[in-house]
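Below is one structure, written out as structure tokens, with a few remarks after it.
Bear in mind that the values in this text are calculations on the coordinates, not laboratory data. The structure presented is a predicted model; accordingly, all values stated were derived computationally and were not measured. Neighbour counts run over all protein chains shown; Cβ positions are idealised from the backbone, glycine included.
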Amino acid sequence: MTDTQVLITALTVFVLAIFIGYEVITKVPPTLHTPLMSGSNAISGIVIVGALLVAGQAEGITGQILGAIAVGLAMINVVGGFMVTDRMLKMFKRSGDK
Amino acid sequence: MDTTALFSIDATNVGYIIAAILFIVGLKRLGSPATARSGNRLSALAMLVAVLVTVLGNDLMSWEWIIGGLIVGSIIGAFSAKKIAMTNMPQLVAVFNGFGGAASAVVAAAELIRLIDDGGGIAENISITIMASVIVGGVTLTGSFVAYGKLQGIISTRPLLLPIRNVINVALLIGMIASTVWLVIDPSLTPFLVAAGIALALGILVVIPIGGADMPVVIALLNSYSGIAGAATGFVLGNNVLIIAGSLVGASGLILTRIMTKAMNRSLANVMLGGFGVEDGTAAGGEEETRPIRSIQPDDAAMMLAYATSVIFVPGYGLAVAQAQHQVRELADLLKDKGISVRYAIHPVAGRMPGHMNVLLAEANVPYDELKDLDEINGEFSRTDVAVVIGANDVTNPSARTDTTSPIYGMPILNVDQAQAVIMMKRGMSAGFAGVQNELFFLDKTMMLFGDAKDSVEKITSEIKDL
């Protein structure tokens, strides 16, 4: 594939994902907007995938260190984001659930 | 990265598709509090799948560094998730946004170094996406930390307006475009570092002029940026799961930004230009208020509540500042035991981030089905005996509906003034953030109960018990 084709494919995925995101997230009720934000913090930790790739494929020490820093930063988001979201969602109870 | 990676059908890409589906289903389950927790777990599972697929499907070297990063990151993440107080959630989200942006920028840097070392030249679109990644990531990093500083009170929450800030911002934007062109022509580290420096400076400059009360909008927007930075990194690496997950977060942040600006009656441009509320003090103190108000004591309030059939609590951030959530819930339980209908009216800007008040009340064991948003509750006030406003102000001001000269005209408000009677708990007569006097205070049906909210609510509860 040419570079242009790759770019177009990536753009297609990007645009479609934005639309899906819009449709799905407008249905999240206001009461869950804070967990939504912390949960999306966790999801933006997906950059861990990129961090692992660059860390694992780096040849020089600079690349390895940068990769490890990126892995660490992304991991804070992943672990912290999912855990704090779970902690919040655990508190949401219906009347009579107690 | 191999440019054909996008289209090759192999176990790795199938794994990424599964992860993407799990992320979307996970977010969909956030549509209701009943399914939200399982949704969050599905998203976590999606992340695990994406990580495992990446580790197993690629020939990764230098494990000691990776494992070090994984361990340190996990410990910091877990520790902050466990320790953070719910009132400080906006700060945590701000910091996490910053780390997400930083991770994207660092990945872009590492990838650029690898490509330069390979010596095979860099495709134009890769250069551009590397720059997008570092610029969005860099702005997110410093912008988030300034937002954190303002929320935490380390940096002055007053809007700080530099005299020639627009000139500086335009110069920085031009610098970004120039350094991107530079990197395309000459693939080296220098233009990248220039762009990184500009992005870091811009992040500070765009958030510093924004007032403390506008931080909910800012963190929602930076939330979106952290996702977009991730998606940009996906373009750099030709990785679909990064693009998809990043876009989902980007869309989420944008939607929340729009909801918040609408609820504050502002445009995004107006928030970003900053300076709102600079004249707070003068606007509020300019004219002496002479109109009469009715002031009551906790025992009067107890009477009103005990003989009501329906009550709506209207909490604002003042409630959280007074740490009165548990006391309010106790009072509500007592009223419910007497057969009184109790609900909570939550304005979108009641807390310091979208949905913040709901979390604070959930923490105090208030059932979520009693928490009603603006659209659900506004028709109900006219059928309600007593509305109890605790630590909220501007969002209850009826002049937002009628007074075209008011700065809050057009802002969606809770129709508290339509209740049969209103108890307004407040420390004093000061105006709200918008600097305008609340017309609600001067209605015949409004009773002002001055004092600390926690203290007042406790007194009301014990009075009702003694009745």
For region B:42-61, which residues satisfy the criterion of being touching a residue at least 24 places away in the same chain (Cβ under 8 Å) and at the interface with chain A (Cβ under 7 Å from one of its Cβ atoms)? B:M47, B:A50, B:T54, B:N58
Can you pull out every residue in region B:22-63 that is over 30 Å from A:D97 (Cα atoms) and not aliphatic (A, V, I, L, M)? B:T54, B:G57, B:N58, B:D59, B:S62, B:W63
Suppose we keep only residues that are aliphatic (A, V, I, L, M), touching a Leu at 6+ places or on another chain (Cβ under 6 Å) and buried (at least 22 other Cβ atoms within 10 Å of the Cβ) within region B:28-47. Which one would you say is farthest from A:H33 (Cα to Cα)? B:A46
Taking region A:1-24 as the search range and keeping residues that are closer than 16 Å to B:Y225 by Cα and among the β-branched types (V, I, T), which one is farthest from the chain's Cα centre (by Cα)? A:V15
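Between B:A85, B:A123, which is within 30 Å of B:P354 (Cα to Cα) and either within 7 Å of chain A (Cβ to nearest Cβ) or out of contact with any His (no Cβ under 9 Å at 6 or more places or on another chain) (or both)? Outline the logic, then answer.
Values: B:A123 fails: within 30 Å of B:P354 (Cα to Cα).
Among B:A85, B:A123, only B:A85 is within 30 Å of B:P354 (Cα to Cα) and either within 7 Å of chain A (Cβ to nearest Cβ) or out of contact with any His (no Cβ under 9 Å at 6 or more places or on another chain) (or both).
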Take A:A51 and decide whether it is crowded, with 24+ Cβ neighbours inside 10 Å, part of a helix (DSSP H, G or I) and free of Cβ contacts under 8 Å to residues at least 60 places away in the same chain. yes
What is the number of the single condition among (1) over 19 Å from B:A322 (Cα atoms); (2) under 23 Å from the mean Cα position of the chain (by Cα); (3) surrounded by 24 or more Cβ atoms within 10 Å (Cβ to Cβ) that B:L360 does not meet? (1)
Within region B:433-459, how many residues are within 22 Å of B:Q325 (Cβ to Cβ), assigned to a loop (DSSP other than H, G, I, E, B) and of a type in the set (A, V, I, L, M, F, W, C)? 1
Does region A:71-88 contain at least one residue that is within 7 Å of chain B (Cβ to nearest Cβ) and outside any helix (DSSP H, G or I)? no
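Please find, among B:A350, B:A345, the residue that is touching a residue at least 40 places away in the same chain (Cβ under 8 Å), surrounded by 24 or more Cβ atoms within 10 Å (Cβ to Cβ), within 23 Å of B:D444 (Cβ to Cβ) and within 13 Å of chain A (Cβ to nearest Cβ). It would help to see each step written out before you state the result.
On the way: B:A350 fails: within 23 Å of B:D444 (Cβ to Cβ).
When all the criteria are applied, what remains is B:A345.
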For B:D117, which of the numbered conditions (1) surrounded by fewer than 24 Cβ atoms within 10 Å (Cβ to Cβ); (2) assigned to a helix (DSSP H, G or I); (3) more than 9 Å from every other protein chain (Cβ to nearest Cβ) fails to hold? (3)
Please work out which residue is farthest from B:V249 (Cα to Cα), limiting yourself to region A:54-64 and to residues that are touching a helix residue (DSSP H, G or I) at 6+ places or on another chain (Cβ under 8 Å) and either more than 7 Å from every other protein chain (Cβ to nearest Cβ) or in contact (Cβ under 8 Å) with a residue 12 or more places away in the chain (or both). A:A55
Could you check region B:390-423 and list, in sequence order, the residues that are in a helix (DSSP H, G or I) and within 23 Å of B:P298 (Cα to Cα)? B:T396, B:V416, B:D417, B:Q418
Can you name every residue in region B:369-390 that is at the interface with chain A (Cβ under 7 Å from one of its Cβ atoms) and surrounded by fewer than 24 Cβ atoms within 10 Å (Cβ to Cβ)? B:D369, B:E370, B:D373
Within region A:1-48, residues being part of a helix (DSSP H, G or I), of a type in the set (S, T, Y) and farther than 22 Å from B:G137 by Cβ number 6
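Out of the residues in region B:290-321 that are touching a strand residue (DSSP E or B) at 6+ places or on another chain (Cβ under 8 Å) and among the small types (G, A, S), which is surrounded by the most Cβ atoms within 10 Å (Cβ to Cβ)?
Initial filter on region B:290-321 (touching a strand residue (DSSP E or B) at 6+ places or on another chain (Cβ under 8 Å)): B:293-298, B:300-301, B:304-305, B:308-316, B:318-319.
Applying the additional criterion that residues be among the small types (G, A, S) yields B:295, B:301, B:308, B:310, B:316, B:318.
On the way: B:S295: 12, B:A301: 24, B:A308: 20, B:S310: 18, B:G316: 26, B:G318: 20.
Only one residue fits best here, namely B:G316.
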